[in-house]
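Notes to accompany the following structure.
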There are 2 protein chains.
Amino acid sequence: MKSLKIIKIGGNIINNDLLLQEFLDDFAALDTPKILVHGGGKAASELTQKMGLNPKMIQGRRITDTETLDIVTMVYGGKINKNIVAQLQARNCNSIGFSGADGNSIVAMKRPVTAIDYGFAGDIIHVNTDVVNILLQHDVTPVFCAITHNENGQLLNTNADTIAAELAIAFSKLYTVSLYYCFEKNGVLKSVHDDNSVIKKIDFTAFEQLKKNKIINEGMLPKIHNCLQAVEKGVTTVHIGNNKMPFNNNIKCTTFQQ
Amino acid sequence: MKSLKIIKIGGNIINNDLLLQEFLDDFAALDTPKILVHGGGKAASELTQKMGLNPKMIQGRRITDTETLDIVTMVYGGKINKNIVAQLQARNCNSIGFSGADGNSIVAMKRPVTAIDYGFAGDIIHVNTDVVNILLQHDVTPVFCAITHNENGQLLNTNADTIAAELAIAFSKLYTVSLYYCFEKNGVLKSVHDDNSVIKKIDFTAFEQLKKNKIINEGMLPKIHNCLQAVEKGVTTVHIGNNKMPFNNNIKCTTFQQ
């Protein structure tokens, strides 16, 4: 099977124009088929404030009400996505912006209301690879923002890490997929203050141990869960590390295995 | 050659949810290859106001400064475009949102500064049909917003009427193209207050006469100019009329010819 690289970038790159330009240089130069997935960074919160609204949070988690959904659709799907696409075009990387609605590529359902009503938050049900794959076969690079839809006309706000993992799982039927999560650290750290304490490999057993011994920062748990699930469901390699890591095999990072 | 319908809708449809739903029902049901082009409606001005900014106008024309460019990118490329795509998916019309940066489809240049500096307003230089055409051939419907790019990473705000005309001209090399402009009137009117006074056909000679006799509303002149230019450059049929007109040959409208 052909190789496919799926790379997810988050706020630390999106919020820093110099880092973003550097990342896009490296990304555009990759000569394998590739997909970029981006989160939202601070821009959504900034727009919320400019509009005189307060981000709604319950137990530390963002609630996507109607106004928030409009904001993330505008910021993720409009401003960030279109600017990244334009900047890739400037690097001769022919790319095209996607939400999950585009090409019906990612179908989600509104998260059921339990003790908390998350509003228009979407949990992914299904990835349709067909339209995206047609573009990949024509050397066009899809750039995904963190918006999905429910096939009934409703857009939904969906975690970008999960979008990257679900795309990687779905494309594993067609390609040998490598999935890369770029973030502000060099990998999963044994000691949060020591950027050199990168844990080289994590499998299910190691993850249980790390959780039990409370070695891993709580915020990292869902990220690691996404990675292990991707590996379990057929993604060939999954890595977490810094923004140079997908482009250089010698850079330290955390690699996941079953 | 195969047929291709290119339909442009403006504020009167986008600002009215009932009209928009009705239009999308008709549009989704069209069984020829088709492209939708949408303007922005009031949403961009509304967001500008919500953010406490004033739209900048010189001699009645909008100036696209950096903040305005961000707003139109968010509103046209994000909110309106992604919602239309999601609503077409709900009607089993597989569609995909485009700005001119996506697939490098529409290349423009920043309008040169003369007496007026229009800011990030883009004048179209070139349409690349290749990526859009791959999608059309796979029954995927492109939905264009009024944003282009300059191939150097700069997004540009571009008139949606012109985008529709330039797409129609470029695709005339590959398809028998019909171009439809939907707006709030039944066509070009002889008498602006009489919605039944639709001028049935306009060619270059008639246009000169209408201008000379000051029969046409000034705001209509650039629209008519776009239409006649499209006809001159190979678009098979060009019509201006109401939002039902593209779907029913019996509805009165204005048709352009050389």
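Each value in this text was obtained by applying a stated rule to the coordinates, not by laboratory testing. Predicted, not measured: the structure shown is a model, and the values here were computed from it. Methodologically, a virtual Cβ is constructed for each residue, glycine included, from the backbone with ideal geometry; neighbour enumeration extends over all protein chains shown.
Return the calculated 222 nm mean residue ellipticity for chain A, to the nearest 500 deg cm²/dmol, obtained by summing -39500 (n - 2.57) across DSSP H runs with n ≥ 4 and dividing by the residue count.
Numbers: 9 runs with 82 residues, N = 258.
Mean residue ellipticity, 222 nm, calculated: -9000 deg cm²/dmol.
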*Residue by residue through the stretch B:205-219, which ³J(HN,Hα) values in whole Hz follow from phi under the Karplus form 6.51 cos²θ - 1.76 cosθ + 1.60 (θ = phi - 60°), with glycine and proline marked x?*
5, 4, 4, 4, 4, 5, 5, 4, 7, 6, 7, 8, 3, 4, x
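Please give the FRET efficiency for residue B:32 paired with residue B:173, using the beta carbon to beta carbon distance and R0 = 22 Å, rounded to the nearest 0.05.
E between residue B:32 and residue B:173, to the nearest 0.05, is 0.80.
For A:88, A:189, what's the fewest-to-most ordering of other Cβ within 10 Å of each Cβ?
Working: A:88 23, A:189 19.
Least to most surrounded, the residues fall as A:189, A:88.
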*Would you work out the relative contact order for chain A, in percent, from Cα pairs under 8 angstrom that are 6 or more residues apart?*
21
*Excluding residues on the same chain fewer than 8 positions from residue A:5, give the aspartates and glutamates whose Cα lies under 14 Å from its Cα.*
A:26, A:31, A:139, A:166
_If you average the alpha carbon positions of the stretch A:203-258 and of the stretch A:89-142, how far apart do those two centres end up, in angstrom?_
23
*What are the extents of the Cα atoms of the protein assembly as shown along their three principal axes, listed from largest to smallest and rounded to whole Å?*
85, 49, 47
*In Å, the Kirkwood hydrodynamic radius of the stretch A:3-256 over pairs of distinct alpha carbons?*
18.6
*asked:* Neighbour counts of other C-beta atoms within 10 Å: give me A:110, A:82, A:200, B:190 arranged from fewest to most.
replied: A:200, B:190, A:110, A:82
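Based only on other Cβ atoms within 10 Å, what is the fewest-to-most ordering of B:236, A:48? Walk me through the intermediate numbers first.
On the way: B:236 16, A:48 19.
Ascending number of Cβ neighbours within 10 Å: B:236, A:48.
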*Provide the FRET efficiency to the nearest 0.05 for the residue B:233-residue B:139 pair, computing r from the beta carbons and using R0 = 25 Å.*
0.40
*Cross-chain or 8 or more residues apart, Cα under 14 Å: how many lysine pairs in the stretch A:106-252 fit that? Count them up, please.*
15
_For a quick check: with amide H placed at 1.01 Å from N, whose amide H comes under 5 Å from residue B:108's, ignoring anything fewer than 5 positions away on the same chain?_
B:125, B:149, B:150, B:151
*Quick one: Karplus J couplings for the stretch B:105-114, per residue in order, coefficients 6.51, -1.76, 1.60, θ = phi - 60°, nearest Hz, x for Gly and Pro?*
6, 9, 9, 10, 10, 4, 4, x, 6, 10
